[in-house]
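Everything on this sheet refers to the single structure shown next.
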Amino acid sequence: MKKTSGIVLMAFFACLLTGTLSFAECLDNQQIYRSEHTLLYSESAPLEEGYTAGLDKSKASSKEPSADVSPFLFASSVAVKGKGAPSRSKRSSEHLVLAQVEPKEEFQDGNDLETIADPLESINRAIYHFNDKLYFWLLKPVATGYKAVTPEKVRVGMKNVFYNLAFPIRFVNCLLQAKGKAACDEFVRFFTNSTIGMGGFLDVASNKLELKKYNEDLGQTLGAYGAGPGFFINWPIFGPSSVRDTFGSAGDAFLEPLNYMIPKSKYRIPVGAYNTINKTSLSIGEYESLKKAALDPYTAIRDAYYQYRRAQIRE
Amino acid sequence: MHRRYFFWVALSLSLLFTGSPPALAGMPTEKIKETTNEILAIVTVPDRKDVPLNAEMKKKIRKAVDKRFDWEEMARRSLARHWKERTEQEKTQFVVLFGQLLERTYLDKVEGYSGEKVVYLGESIDDNYAVVNVKIITAKNEEIDVAYRLRQKGNDWLVYDISVAGVSLVNNYRVQFNSIITRSSYASLVERLKEKIAPD
């Protein structure tokens, strides 16, 4: 066990080292990127070309809903094909293609029922009820009390700290998906937030540098390589997941610095619990709102989870 | 000499292209902006913060939303293959009920509006279908991507689906309705709809 953690740590520092070496280059590229960005924004002509280019591409693509998608990014965009190894096409800065999520066929046909398989539905439903009670009887009261005594800035700051610490997961998965720019950006975010941002407390990278977050994880990487979600699993406490995403979370746990920073395993649960309470305190009301809008909350959550992950993988 | 000539040709060609795009290209976004601004004007009254909307405001918002949303199309798509099996009377009833459910949900969400910024990212049009991409930036600097799907009806563009963070509203309801219809019945779906809409 000690040997594996040692190796992972070394890999982590190797990444850090290579990252630092290219840090200066990254910063230079940021300048170039940002000036291209502003140039694009003010020109309307390339936009027209970009639209037709994007539309033609989607018409020519296969009928599979997962096969075409051009995600919306402002400068270079990356296209991911559904099955098999991902193929990337980097467009030149002139072509701005915005979310054209479905091929023309799906625009017109409203009759498909594409959703995640749920062979364990009765068990999942039971666990849904358990999690529901857990939220209302335990998590929400504690989070509400915590919210009342802790200023919002502190809570947001702590959320940023935990988010910042999960950098290796995002970094490695960006690399695994050959998203070089994303990996670069994530590194710059981590570096600036950890130093100027006081250990991640202040999200300087978002506020001052206006860097986008690339929240990649192993489940998305597996999805990008063509792995379907499998079937729906609703975990007690942890909530909705799928076969693929469960493997993904297990894999990501090896990259989670918290697991290495906290030497005594008996402290990991309280820290994890605090993280959950803190995050919940910032989003009280969202779960209730979802339940209010849904006729069948369990199915609503299951389908929302499926669609959300699918959209994340496409990005 | 050649280079100068080339330069002028390129310049004039680019001027041609930077001229105004075809009149319809910006229409879907304009329609969304129109409705959004209308509703924001109703909701952002100076001392309204944390005060629930009064009946007058709700009526105005309903009217604004009614103009922009194609309830029948949304209802049809959310029932999917169960739509064909319904009688005309059932269809009409369902469209009304579903519209009321969405209105109610929307009103609840709009009530919680607290100065979020709306950024229009762009649109794409394919025949008489369009997608308008929007980003909502909350006070805590969180960004939420929203996509409106519109269909052209005569001279107007009406919304038939909204995707928030990639989750399509119509798809989500479709799965729910299908689950309820297959596990119990269409009648029980109508019952649950009525229960949901009834004011609490």
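The values are calculated or read from the model by the stated rules, or taken from the named source; none is laboratory data. The structure displayed is predicted, hence computed values, not measured ones. As a convention, Cβ positions derive from the backbone with ideal geometry for all residues, glycine included, and neighbour counts pool all protein chains shown. Ligands, DNA and RNA are stripped out before the accessible areas are found, and what is left, the full protein with its side chains, is counted by its heavy atoms. Shrake-Rupley method; radii C 1.70, N 1.55, O 1.52, S 1.80 Å.
A few comments on the model shown:
- Annotation: amide H-H contacts under 5 Å for residue B:161 (H modelled 1.01 Å from N, sequence separation of 5 or more, or interchain): B:149.
- In this label model, residue B:89 and residue A:195 are separated by 7.5 nm, measuring between points 7 Å along each Cα→Cβ vector.
- When A:129, B:82 are compared by accessible surface with a 1.4 Å probe, the order from highest to lowest is A:129, B:82.
- In the distance distribution for the stretch A:261-300, Cα-Cα pairs more than 17 Å apart total 53 percent.
- Alpha carbon centroid spacing (whole Å) that separates the stretch A:156-204 from the stretch A:240-301: 19 Å
- Each 5 Å bin from 0 upward holds the following percent of the Cα-Cα pairs of the stretch B:129-181: 5, 18, 19, 18, 16, 14, 7, 2, 0.
- B:71, A:235, A:137, ranked by accessible area, largest first (probe 1.4 Å): A:137, A:235, B:71
- Ordered by 1.4 Å accessible area with all protein chains kept, B:92, A:115 run largest first as B:92, A:115.
- Cβ-based net charge around residue B:119, under 14 Å, with every Lys or Arg adding one and every Asp or Glu removing one: -2
- Area projected by the alpha carbon convex hull of the stretch A:110-181, averaged over all directions, nm²: 9.7 nm²
- Global geometry of the stretch A:118-261, whether rounded, prolate or oblate, following the gyration tensor of its Cα atoms and the 1.5 cut on a/c: oblate
- q = 0.14, 0.16, 0.21 Å⁻¹, the stretch B:99-200: log10 I(q)/I(0) [Debye, one scatterer per Cα]: -0.74, -0.91, -1.18
- Cβ-placed point charges (K, R +1; D, E -1), dipole of the stretch A:263-315 about Cα centre in debye, nearest 20: 360 debye
- Formal net charge of residues neighbouring residue B:133 (Cβ-Cβ distance under 9 Å; K, R +1; D, E -1): -1
- Neighbourhood net charge (14 Å Cβ-Cβ; Lys/Arg +1, Asp/Glu -1) for residue A:207: +2
- Within the full protein context, the accessible area of residue B:56 is estimated at about 100 Å² for a probe radius of 1.4 Å.
- Cα gyration tensor shape of the stretch A:196-315, rounded if a/c is under 1.5, else prolate or oblate by comparing a/b with b/c: rounded
- Spatial separation of Cα centroids for the stretch B:67-88 and the stretch B:127-146, in angstrom: 25 Å
- Computed with a 1.4 Å probe on the full set of protein chains, the accessible area for residue A:202 sits at about 80 Å².
- Taking all protein chains as shown and a probe of 1.4 angstrom, residue A:146 keeps an accessible surface of around 40 Å².
- Selection from B:110, B:124, B:136 lying farthest towards where the dipole of the stretch B:54-183 points positive, charges on Cβ: B:110
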